[in-house]
1. Would it be correct to say that Thr19 is surrounded by 12 or more Cβ atoms within 10 Å (Cβ to Cβ), more than 16 Å from Leu1 (Cα to Cα), of a type in the set (Ser, Thr, Tyr) and out of contact with any strand residue (DSSP E or B) (no Cβ under 7 Å at 6 or more places or on another chain)?
2. Taking region 42-59, which residues are under 17 Å from Ser14 (Cα atoms) and in a loop (DSSP other than H, G, I, E, B)?
3. Checking Phe50 against (1) open to solvent by 60 Å² or more (accessible area, probe 1.4 Å); (2) under 11 Å from the mean Cα position of the chain (by Cα), which single condition isn't satisfied?
4. Taking the stated definitions as given, is Pro30 of a type outside the set (A, V, I, L, M), touching a Leu at 6+ places or on another chain (Cβ under 6 Å) and part of a loop (DSSP other than H, G, I, E, B)?
5. Contact list please: Cβ distance under 8 Å, first residue in region 26-43 and closer than 16 Å to Gly69 by Cβ and touching a residue at least 60 places away in the same chain (Cβ under 8 Å), second residue assigned to a loop (DSSP other than H, G, I, E, B) and among the aliphatic types (A, V, I, L, M), pairs at least six apart or on different chains.
6. Need the failing condition index for Leu65 against (1) in a loop (DSSP other than H, G, I, E, B); (2) open to solvent by 30 Å² or more (accessible area, probe 1.4 Å); (3) among the hydrophobic types (A, V, I, L, M, F, W, C); (4) touching a residue at least 24 places away in the same chain (Cβ under 8 Å), just the number.
Amino acid sequence: LDSFDQPLSGGIVSLAFDTNGVLYGGTATPEGEATDGGRLVMIDTETGVFQFVGDNTATATGSSLAGLGFGS
C-alpha cells in the first residue's frame, strides 16, 4: 500500500536493496486501466508502505519491471 492505503494493481515483481540498504521494488504489468506498471518504488522496510520513484515508468511500455540490481 502507498501512504494513501492504495495498492498496486499488479503488485511487486522484483525486490533489491541498494548499497545503502534502501529497499526498492519493481511493479508488475498493470491490471485493467491502471497506469502503475513498470514503475520503480521505494519500500519502507518497517511499514511496507511504498512510494513511487519519479513520475514515469522505468519500462518503455509500462510492462513489468521484473529485474532490479545495484552495483557497489
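The values are calculated or read from the model by the stated rules, or taken from the named source; none is laboratory data. Because the structure is predicted, anything quoted here is derived from the model rather than measured. Using ideal geometry, Cβ is built from the backbone for each residue, glycine included, and neighbour counts are taken over all protein chains shown. What goes into the accessible areas is simple: the full protein's heavy atoms, side chains included, and nothing from ligands, DNA or RNA. Shrake-Rupley method; radii C 1.70, N 1.55, O 1.52, S 1.80 Å.
1. So Thr19 fails the test.
2. Asp44, Thr45, Gly48, Val49, Val53, Thr57, Ala58, Thr59
3. If we test Phe50 against (1) open to solvent by 60 Å² or more (accessible area, probe 1.4 Å); (2) under 11 Å from the mean Cα position of the chain (by Cα), just (1) comes out false.
4. No; evaluated as a whole, the condition is false for this residue.
5. Final answer for the pair search is none.
6. So Leu65 meets the others, but not (2).
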